[in-house]
Amino acid sequence: MSLALATPITPLAPAAGPDGYVPGVCNIGTMEIRRRRTFGIVGIAAAVALFAVLVAVDAPAWTRLLVFVPLAGGVFSWLQARRRFCAAFAMQGVANFTDADEGRHAVQDEEARRADLAAVRRMTRDAVLIALPIAIVAALLPI
């Protein structure tokens, strides 16, 4: 009796275009990723600074929920960098894999654009699901 090794099944990934564009998965290159990462860090730092100011001025605890706004923006930008996917580009129907703004090109395929918009919805959901509990904890901290 012999044991046959099963061949692992690998999921099919969408094929990348010649520039790296994958509908709903990847629509930006290195320069754009750097931009999103920077915006993410700035947004998260702004949320921390806002929290510190609200605590320093002894603002009512519920006002600490305001950290949600910069935090969600920072998380959203960080997710864009992490996922190599720009929501604004998806909504405009463009992609950019060059190190210059002039490298943007239109996404012509309607199915690809639908996949891009679905990715934006998922990213928005994920940013809210990350930032909201943190903002609630910030408001509930006994400070």
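The values are calculated or read from the model by the stated rules, or taken from the named source; none is laboratory data. Computed from a prediction, not measured in an experiment: that's the story for all the values here. Glycine also receives a Cβ, built like all others from the backbone with ideal geometry; neighbour counts cover every protein chain displayed.
One table, with the values for the structure above:
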{"read-out": "Unmet criterion (only one of (1) at pLDDT 95 or above; (2) more than 30 Å from ILE143 (Cα to Cα)) for PHE68", "value": "(2)"}
{"read-out": "Segment 28-62: number of residues that are loosely packed, with under 14 Cβ neighbours inside 10 Å and touching a residue at least 60 places away in the same chain (Cβ under 8 Å)", "value": "2"}
{"read-out": "Any hit, segment 17-27, residues being over 17 Å from TRP78 (Cα atoms) and loosely packed, with under 12 Cβ neighbours inside 10 Å", "value": "yes"}
{"read-out": "Failed item, numbered, when PRO14 is tested on (1) exposed (fewer than 15 other Cβ atoms within 10 Å of the Cβ); (2) modelled with pLDDT of 95 or more", "value": "(2)"}
{"read-out": "Qualifying position, being among the basic types (Lys, Arg) and farther than 20 Å from ALA16 by Cβ, among ARG84, ARG121", "value": "ARG121"}
{"read-out": "Exclusive hit being of a type in the set (A, V, I, L, M, F, W, C) and assigned to a loop (DSSP other than H, G, I, E, B), set ALA119, ALA49, ALA59", "value": "ALA59"}
{"read-out": "Condition broken by THR98, with the remaining ones in (1) at pLDDT 95 or above; (2) closer than 26 Å to MET31 by Cα satisfied", "value": "(1)"}
{"read-out": "Filtered residues of segment 116-138 (kept if over 11 Å from the mean Cα position of the chain (by Cα) and buried (at least 18 other Cβ atoms within 10 Å of the Cβ))", "value": "ASP116, ALA131, ALA135, ALA138"}
{"read-out": "Single match in VAL75, VAL107, VAL67 (criterion: in contact with a Lys or Arg (Cβ under 7 Å, 6 or more places away or on another chain) and buried (at least 19 other Cβ atoms within 10 Å of the Cβ))", "value": "VAL107"}
